[in-house]
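The values are calculated or read from the model by the stated rules, or taken from the named source; none is laboratory data. Predicted model only: the values in this text are computed from it and were never measured. Every residue, glycine as well, gets a Cβ built from its backbone with ideal geometry; the counts of neighbours run over all protein chains shown.
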Amino acid sequence: MSASLEIESRPAAFGAAPPTGDMPLRVIAPGRGSDAAEALARAEPLYARVKHVIPPIEWPVFAPDVAAILRLKRERDAVILAHNYQTPEIFHCVADITGDSLALAREAMTVDAKVIVLAGVHFMAETAKLLNPEKTVLIPDLRAGCSLAESITPEDVRLMRARYPDAPVVAYVNTSVAVKAESDICCTSANAKRVIESLGARRVIMLPDEYLAQNVAKQTKVEVIAWAGHCEVHQRFSGAEVRSLRESHPGVIVLAHPECPPEVLAEADFAGSTADMAAYVGREHPRRVVLMTECSMADNVAVAHPSVEFVRPCNLCPHMKRITLPNIRAALEGMCHEVTIDPALADRARRAVERMLAVR
Ligand code: 13P
Ligand code: SF4
């Protein structure tokens, strides 16, 4: 930070100032007064996008970082890819490309910029790097992991293969590069059934998410051999919770992510990836809906559908929540937290991802 500091008061661009006692104060740098005010004014129209989910009192906390990130993206020739679980000020105000894991992988291949900032978790950044080896891929916090990716090692995959030598290995994208390198093909929750059936095998190993594997196995004749990994966020939902939500919120439409236990999907009206759930709300316009998934998802979908009532019994993903506007800004300022891939693994892991992307 520069030694030159100024105290920001709410700029005129944000509308009427609140009563003095409520005046938000924030120290910002650098202190080029008119430049800073101009940058903040540029960020202001973005507030209209998120005003349903971010109270006016909170926006001045976000606006300086939003303005700085917009400037840094231009200076660094960077784009920001954000997963559906990112908070609304990231998702709607600084991201260039948003979506589920499948969309982020697909879109990563179309990026026309030198730098990709992945606002999501580490395996998503690794996938972007695999598909863009010549680009700089940054993740604002290298510790943003995933309980599924942590649940299995390459050695585990080799043991599974030895046990079921006739079964191809389908790795959820929520895995490390080292696990992908041991796998035949990747899948996401949006394409798992299609991927499995594309292999023409009698049985497949599907790892590491036991619940996703169980949920997909119900939709296909292919025998599915699962691994006992779980998403720490989705495993907390239960069928009893869905029943209780239906009682307390009559008429609510229940959408569930396939990482939830099968008993949750059995009680739900629809199951799908994060993008599938967003598309369902856009298509069906339910009067009242609940998304059995991570908390920010409902905020982000609500922005586009202000007339839909969202019931919110969500669970937070602590890994997704490691990504913030300040650390996106810091990553771009310092060009730090670069994602690198072990060259010995890259080609094999990339093959598994590209094979998945070829399945339509
Ligand atoms: P999606 O592929 O549905 O976006 O899910 C990714 C994820 O991590 C869900 O927990
Ligand atoms: Fe991993 Fe679950 Fe977080 Fe998704 S929500 S990143 S699967 S821990």
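When the stretch 96-118 is filtered for residues that are in a strand (DSSP E or B) and either of a type in the set (A, V, I, L, M, F, W, C) or closer than 14 Å to Leu130 by Cα (or both), the ones remaining, listed by number, are Ile97, Val115, Ile116, Val117, Leu118. Of the residues Thr98, Thr87, Thr110, Thr127, the single one that is farther than 19 Å from Gly334 by Cα and surrounded by fewer than 19 Cβ atoms within 10 Å (Cβ to Cβ) is Thr110.
Within the stretch 325-360, being of a type in the set (A, V, I, L, M) and within 30 Å of Val195 (Cβ to Cβ) holds for Val339, Ile341, Ala344, Leu345, Ala346, Ala349, Ala352, Val353, Met356, Leu357, Ala358, Val359.
Of the strands (runs of 3 or more DSSP E) contained entirely in the stretch 186-295, those carrying at least 2 residues that are touching a helix residue (DSSP H, G or I) at 6+ places or on another chain (Cβ under 8 Å), among the aliphatic types (A, V, I, L, M) and closer than 21 Å to Thr127 by Cα fall at 203-207. Here Pro208 qualifies as within 15 Å of ligand 1 (Cβ to nearest atom) and either closer than 27 Å to Val339 by Cβ or among the small types (Gly, Ala, Ser) (or both). Within the stretch 296-312, being surrounded by 17 or more Cβ atoms within 10 Å (Cβ to Cβ) and part of a loop (DSSP other than H, G, I, E, B) holds for one residue alone: Val308. Residues in the stretch 145-175 that are within 14 Å of ligand 1 (Cβ to nearest atom) and in a loop (DSSP other than H, G, I, E, B): Gly145, Cys146, Ser151, Val173, Asn174, Thr175. Give the residues of the stretch 130-144 that are buried (at least 21 other Cβ atoms within 10 Å of the Cβ) and either assigned to a loop (DSSP other than H, G, I, E, B) or within 16 Å of ligand 2 (Cβ to nearest atom) (or both), sorted by residue number. Selection gives Ile139, Pro140, Ala144. Of all residues in the stretch 80-90, none satisfies being over 13 Å from the mean Cα position of the chain (by Cα), of a type in the set (A, V, I, L, M, F, W, C) and away from ligand 2 (no atom under 16 Å from the Cβ).
Could you check the stretch 176-185 and list, in sequence order, the residues that are part of a loop (DSSP other than H, G, I, E, B) and among the charged types (D, E, K, R)?
Once the filter is applied, which keeps residues that are part of a loop (DSSP other than H, G, I, E, B) and among the charged types (D, E, K, R), the stretch 176-185 yields Glu182, Asp184.
The set of residues from the stretch 271-308 being more than 26 Å from Lys218 (Cα to Cα) and of a type in the set (Lys, Arg) comprises Arg287, Arg288. Of the candidates Leu81, Leu102, Leu142, the single residue that is of a type outside the set (Val, Ile, Thr), away from ligand 1 (no atom under 13 Å from the Cβ), assigned by TED's automatic domain parsing to the domain that holds Arg42 and farther than 15 Å from Ser296 by Cβ is Leu142.
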